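S.K.: So that we are looking at the same thing, I have put the structure below in structure tokens.
The values are calculated or read from the model by the stated rules, or taken from the named source; none is laboratory data. This structure is a prediction, so every number in the text was calculated from the model and none was measured. Here the Cβ positions follow ideal geometry from the backbone for every residue, glycine too, while neighbour counts run over all protein chains shown.
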Amino acid sequence: MATATTPNFLEVNRRTFLRMSGAAARGLFLSLHLAEPGHARQTPKAQAYPPAAFIHVRSDGKIVIQVNRLEFGQGVQTALPMLLADEMDADWSQVIAELAPAADVYSDPIAGIQMVGGSGSIAHSFEQYRQLGASARAMLIAAAAAQWNVMPEQCRTEASVVYGPNSQSAKYGELAESAAKLPVPESVQLKKESELHLSGKNTRRLDSRGKCNGSQKFGLDVDLPGMKVALVAHPPVFGARVKSFNADAARAISGVRDVFEMPLVRGTGVAVVADRFWAAKQARDRLQAEWNTASVEHPDTAQLFSKYRELARTAGNIAMTRGSAASMDSIPSSKRILAEYEFPFLAHTPMEPLNTTVRFDSSGAEVWAGSQFQTFDQMAVAEVLGLKAEQVTFHTEMAGGGFGRRAVADSHVQREAATIAKRLPGIPVKLIWTREDDVQGGYYRPMFVHRVDVGIGADGMPIAWRHVIVGQSLVAGTPFAARLIKDGVDATAVEGVADTAYAIQNFYVSAHHPEINVPVLWWRSVGHTHTAFVMETLIDELAMRAKTDPIAYRLKLLSPDAKKLRACLTLLREKTASWRDSATGNRAVGVASHESFGTGVACAVEVSVENKRPKIHRAVIAVDPGFAVNPLSIESQMQGGVTFGMTQVMPKGAITLKDGRVEQRNWDGYTPPYINDAPVTVEVHIVPSSEKPTGCGEPPVPVISPAIVNALSRLTGKRYRSLPLAEI
Amino acid sequence: METFKLTVNCQQKDVTVDPSTPLLWVLREDLKMSGTKYGCGIAACGACTVHVGGVPTRSCVLPISLVGERPVVTIEAMSNDTIGRVVEEAWVSEDVVQCGYCQSGQIMSAVALLKATPKPTDKDIEESMGGNLCRCGTYVRIRQAIKAAARQLG
């Protein structure tokens, strides 16, 4: 594979490079070493990355930077190039960012696979992209110094120009060819924070224009000569198999090319291949497919909740124990809160429906997909097609959202696309999951039940806490299981409780993970979607009982090392001081704070009840993400993240199953927030920090629902322990 | 299959398709104009919004046979539209987009709003933009951008 000594970083042929680097891909399962969720603080392993794979200085001065992960709204396609361009002293107006294809060199430095998840993009690639920029700068200076016969130390750089000691100057584009022949420096000095001119400053997105004028191509927009469109009829109950279908009726539709039964990751389905989407859709609607559903479990939401509630009355596998579990028994019932919470399945429903395009022929395959897991998806396609991973060229397409839905360990969408393409050698096939396929197709945030027993001390603070969590494991049966399941507890189900920042003396957390016939998946902020709701509503209830200000109460209960949350709450108190205590009448303020993925967030919302629903008049966020690489993007992530999080409190914010079948079909039945539901303003304040940066995609999501519900409790005096929120 | 004469962004286009084909798929697949997006297929999300006869319309549920002689205007024409250009600039300037997939539809709804209501209130914005879903939750910035565009146009 390519190494740090690859000399020609400016002129390397990308295809050649990818051939070189792809060879290592097959060994990746062996070296998989994912970061624990919530602890994205590791230092990337020392590795000199070949600038050849990341930077291409064109002779016209344009600097093309490869981004080693998917852009799907989180802003990484701007932030990582900012870090690189800053160290390189590149002219930002000349930077073009591209999404890198699948290749070993583009693996996440900590995860060991090419992926986006766990809010790790900036946390994991911060040093990497800075070093790449600094290396490129050093090579350009060395080329100029050699040309002018001066020492490199005598040169300086600014906006893609090297300046020499005797008024010499040369543009990067002019130096590119000679710089490419020089060795990559073994070590480089990174800038001090005071020397950074892009990082830390509000910087608008590089992908904005194309997304505003319709020219940005997403995966679903891939259009190739001779391309066909495929839809698949999936079983109505997960894992069921086709009994019969009417291929004649489907084939009678003009433009339909093929109709056939095919294996799925779960059960079997019927593929319809047509020239155009509409023909494929009409044909699928006419299949009259019958299914053998008798042999598979028929999950049912009501029955599952009943089963989960029973399980929650018994201790599960121990996730965390501190102090004495028995201490609860000596606390009188008047000093206890027993709370039971219920959370439904949730679908991600990113705006761009799931899709993948595959072209297969005897020499290999090409894939176009918006993927959070390029490594797994590339390997899955290779496996289906009987190819080696390096025979599969995998293009990373811009994705219209994802929120976890494009990070699927079983690569079921890519496997379907490859299975269909295998039958049609030489013909590119675009598999589209319609919105109905997506809403009904599983891979949901699991249902959860929490049962919590809290014992309150004389000072109103919790002194004993017994907590049982019931819900499916996200990672059982996946390559992540070995790392994330310990002693029968899936870390992603208990994160946010087991590692709470609150100093509770006697603390006992256990978990049950029932196996249910519903595919489940991480949903933006993963376990924190439910754990933060439970913790933050209970803490607020305790604060109310103690007649203590909710921010003061939290600050008192936080452990001394919860520095980020402390900073966030202190900043939130300062920024809301002018109005937080003056909300009266039909308005109340709710507060929540939570740390996830290494980033602290505190939130205050002003809420009233209108038409039996919470109306959010304003939200204020204080966030501590360490060093803020792009404050403008952080602001957007906070604003968007709280709106995404509100999906949980929407009246139709639930996926439910009845006798094995999903009851919602589309956004009419499963309805996320629209503009009328979202806060009118979301004010964002960033804690000033020079600490290592942590992620911002997921951390805003957990705080909003508990903050809203805490405000409602202050208005109505009731507690709200089940989501979605019933009428107030 | 039937042939339809369309006017799309001031250009005449002939397409031969099944009459039930939604305008969305004619734009995307036959006319290769992929700026208009498929999100739901049931007029629930607004990602497919175009102007038909000047009215913001969900192209995913409008059969091509019902378009008739009404001119169709899509996101691709907004850079050449007086109000469209200002809205696009406001969107860029306010750094509205995240994943960006819904934004063609958002912008088409916003342009229609500003053409009818040059000084929209928050309530006007909620009424006109209320059917455009954004899963990234860019609503706060959409609101700001519409107000900024209105100021610019005023």
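S.K.: Test each condition in (1) away from chain B (no Cβ under 14 Å); (2) of a type in the set (A, V, I, L, M); (3) not in a strand (DSSP E or B) for A:Met351 and report the one that comes out false.
M.R.: (1)
This table checks each residue for (1) outside any loop (DSSP other than H, G, I, E, B); (2) in contact with a Leu (Cβ under 6 Å, 6 or more places away or on another chain); (3) outside the structural domain of A:His513 (by TED's automatic domain parsing).
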{"residue": "A:Ala302", "(1), (2), (3)": "yes, no, yes"}
{"residue": "A:Phe305", "(1), (2), (3)": "yes, no, yes"}
{"residue": "A:Ala319", "(1), (2), (3)": "yes, no, no"}
{"residue": "A:Ala326", "(1), (2), (3)": "yes, no, no"}
{"residue": "A:Phe360", "(1), (2), (3)": "yes, yes, yes"}
{"residue": "A:Val367", "(1), (2), (3)": "yes, no, yes"}
{"residue": "A:Ala380", "(1), (2), (3)": "yes, no, yes"}
{"residue": "A:Phe394", "(1), (2), (3)": "yes, no, yes"}
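S.K.: Exactly one condition in (1) more than 14 Å from chain B (Cβ to nearest Cβ); (2) surrounded by fewer than 24 Cβ atoms within 10 Å (Cβ to Cβ); (3) not hydroxyl-bearing (Ser, Thr, Tyr) is not met by A:Gln282; state its number.
M.R.: (1)
S.K.: Which members of region A:28-56 meet the condition of being out of contact with any Ser or Thr (no Cβ under 8 Å at 6 or more places or on another chain), modelled with pLDDT of 50 or more and either under 19 Å from A:Pro699 (Cβ atoms) or not in a loop (DSSP other than H, G, I, E, B) (or both)?
M.R.: Passing the criteria: A:Ile55, A:His56.
S.K.: Of the residues that sit in region A:207-254 and are acidic (Asp, Glu) and not in a loop (DSSP other than H, G, I, E, B), which one is farthest from the other protein chains (Cβ to nearest Cβ)?
M.R.: A:Asp248
S.K.: Among the residues of region A:236-284, how many are without any contact (Cβ under 8 Å) to a residue 60 or more places away in the chain and on the phi > 0 side of the Ramachandran plot?
M.R.: 2
S.K.: Are there any pairs, at least 6 apart or on different chains, whose C-beta atoms fall under 8 Å, with the first in region A:627-640 and over 17 Å from A:Gln77 (Cβ atoms) and more than 7 Å from every other protein chain (Cβ to nearest Cβ) and the second of a type in the set (Asp, Glu) and not in a helix (DSSP H, G or I), and if so, which?
M.R.: A:Phe627/A:Glu691
S.K.: Something else: Of the residues that sit in region B:74-130 and are of a type in the set (Ser, Thr, Tyr) and more than 12 Å from chain A (Cβ to nearest Cβ), which one is farthest from B:Thr7 (Cα to Cα)? Before you say what the answer is, go through the steps one by one.
M.R.: Taking region B:74-130 and keeping what is of a type in the set (Ser, Thr, Tyr), we get B:74, B:79, B:82, B:93, B:101, B:104, B:109, B:117, B:121, B:128.
Now narrow it down to the ones that are more than 12 Å from chain A (Cβ to nearest Cβ): B:82, B:117.
Numbers: B:Thr82: 19, B:Thr117: 26 Å.
This residue is B:Thr117.
S.K.: Out of (1) more than 20 Å from the chain's Cα centre (by Cα); (2) closer than 24 Å to A:Glu342 by Cβ; (3) aliphatic (A, V, I, L, M), the odd one out for A:Leu474 is which?
M.R.: (1)
S.K.: In region A:562-593, which residue that is part of a loop (DSSP other than H, G, I, E, B) and polar (S, T, N, Q) is surrounded by the most Cβ atoms within 10 Å (Cβ to Cβ)?
M.R.: For region A:562-593, the residue satisfying everything is A:Asn586.
S.K.: Now for a separate question. Surrounded by 24 or more Cβ atoms within 10 Å (Cβ to Cβ) and either under 12 Å from the mean Cα position of the chain (by Cα) or closer than 30 Å to A:Cys696 by Cβ (or both): which single residue out of B:Ala77, B:Ala110 fits that description?
M.R.: B:Ala110
S.K.: Across region A:473-497, which residue is surrounded by the fewest Cβ atoms within 10 Å (Cβ to Cβ) among those that are part of a loop (DSSP other than H, G, I, E, B) and in contact with a helix residue (DSSP H, G or I) (Cβ under 8 Å, 6 or more places away or on another chain)?
M.R.: Ranking the qualifying residues of region A:473-497, first place goes to A:Pro479.
S.K.: Just a yes or no: is a residue in region A:139-156 free of Cβ contacts under 8 Å to residues at least 12 places away in the same chain, over 16 Å from A:Val95 (Cα atoms) and of a type in the set (D, E, K, R)?
M.R.: The initial filter retains those residues of region A:139-156 that are free of Cβ contacts under 8 Å to residues at least 12 places away in the same chain, namely A:149, A:151, A:153-154, A:156.
After this cut, where a residue has to be over 16 Å from A:Val95 (Cα atoms) as well, the list is A:149, A:151, A:153-154, A:156.
Narrowing further to those that are of a type in the set (D, E, K, R): A:153, A:156.
The answer is yes, given that some residue of region A:139-156 is free of Cβ contacts under 8 Å to residues at least 12 places away in the same chain, over 16 Å from A:Val95 (Cα atoms) and of a type in the set (D, E, K, R).
S.K.: Let me ask something additional. Report yes if A:Ser295 is part of a helix (DSSP H, G or I), at negative phi, surrounded by fewer than 17 Cβ atoms within 10 Å (Cβ to Cβ) and hydroxyl-bearing (Ser, Thr, Tyr), otherwise no.
M.R.: Values: part of a helix (DSSP H, G or I): no; at negative phi: yes; surrounded by fewer than 17 Cβ atoms within 10 Å (Cβ to Cβ): yes; hydroxyl-bearing (Ser, Thr, Tyr): yes.
No; evaluated as a whole, the condition is false for this residue.
S.K.: Another one. Considering only region B:5-39, how many residues are part of a loop (DSSP other than H, G, I, E, B), without any contact (Cβ under 8 Å) to a residue 24 or more places away in the chain and crowded, with 21+ Cβ neighbours inside 10 Å?
M.R.: 2
S.K.: Can I ask one more? Considering only region A:406-439, state which residues are more than 10 Å from chain B (Cβ to nearest Cβ), more than 14 Å from A:Phe376 (Cβ to Cβ) and in a loop (DSSP other than H, G, I, E, B).
M.R.: A:Leu424, A:Pro425, A:Gly426, A:Ile427, A:Pro428, A:Trp433
S.K.: Taking A:Ala170 as meeting all but one of (1) part of a strand (DSSP E or B); (2) surrounded by 24 or more Cβ atoms within 10 Å (Cβ to Cβ), write down the number of the exception.
M.R.: If we test A:Ala170 against (1) part of a strand (DSSP E or B); (2) surrounded by 24 or more Cβ atoms within 10 Å (Cβ to Cβ), just (2) comes out false.
S.K.: Kindly evaluate A:Gly370 against the criterion of being in contact with a Cys (Cβ under 8 Å, 6 or more places away or on another chain) and surrounded by 24 or more Cβ atoms within 10 Å (Cβ to Cβ).
M.R.: no
S.K.: Okay, next question. Please go through region A:614-635 and pick out each residue that is in contact with a helix residue (DSSP H, G or I) (Cβ under 9 Å, 6 or more places away or on another chain) and in a strand (DSSP E or B).
M.R.: Scanning region A:614-635 gives A:Pro614, A:Ile616, A:Ala619, A:Val620, A:Ile621, A:Ala622, A:Val623, A:Asp624.
S.K.: In region A:655-680, which residue that is facing chain B (nearest Cβ under 7 Å) and without any contact (Cβ under 8 Å) to a residue 24 or more places away in the chain is surrounded by the most Cβ atoms within 10 Å (Cβ to Cβ)?
M.R.: For region A:655-680, the residue satisfying everything is A:Ile675.
S.K.: Which residues, taken from region A:80-107, are crowded, with 24+ Cβ neighbours inside 10 Å and in contact with a Pro (Cβ under 9 Å, 6 or more places away or on another chain)?
M.R.: Scanning region A:80-107 gives A:Ala90, A:Val105.
S.K.: Name every residue in region B:39-67 that is hydroxyl-bearing (Ser, Thr, Tyr) and within 13 Å of chain A (Cβ to nearest Cβ), in order of residue number.
M.R.: B:Thr49, B:Ser59, B:Ser65
S.K.: What number of residues within region A:518-549 satisfy the criterion of being outside any helix (DSSP H, G or I) and under 28 Å from the mean Cα position of the chain (by Cα)?
M.R.: Here the count works out to 10.
S.K.: Considering region A:307-317 alone, what residues qualify as being loosely packed, with under 14 Cβ neighbours inside 10 Å and part of a helix (DSSP H, G or I)?
M.R.: Answer for region A:307-317, where residues must be loosely packed, with under 14 Cβ neighbours inside 10 Å and part of a helix (DSSP H, G or I): just A:Glu310.
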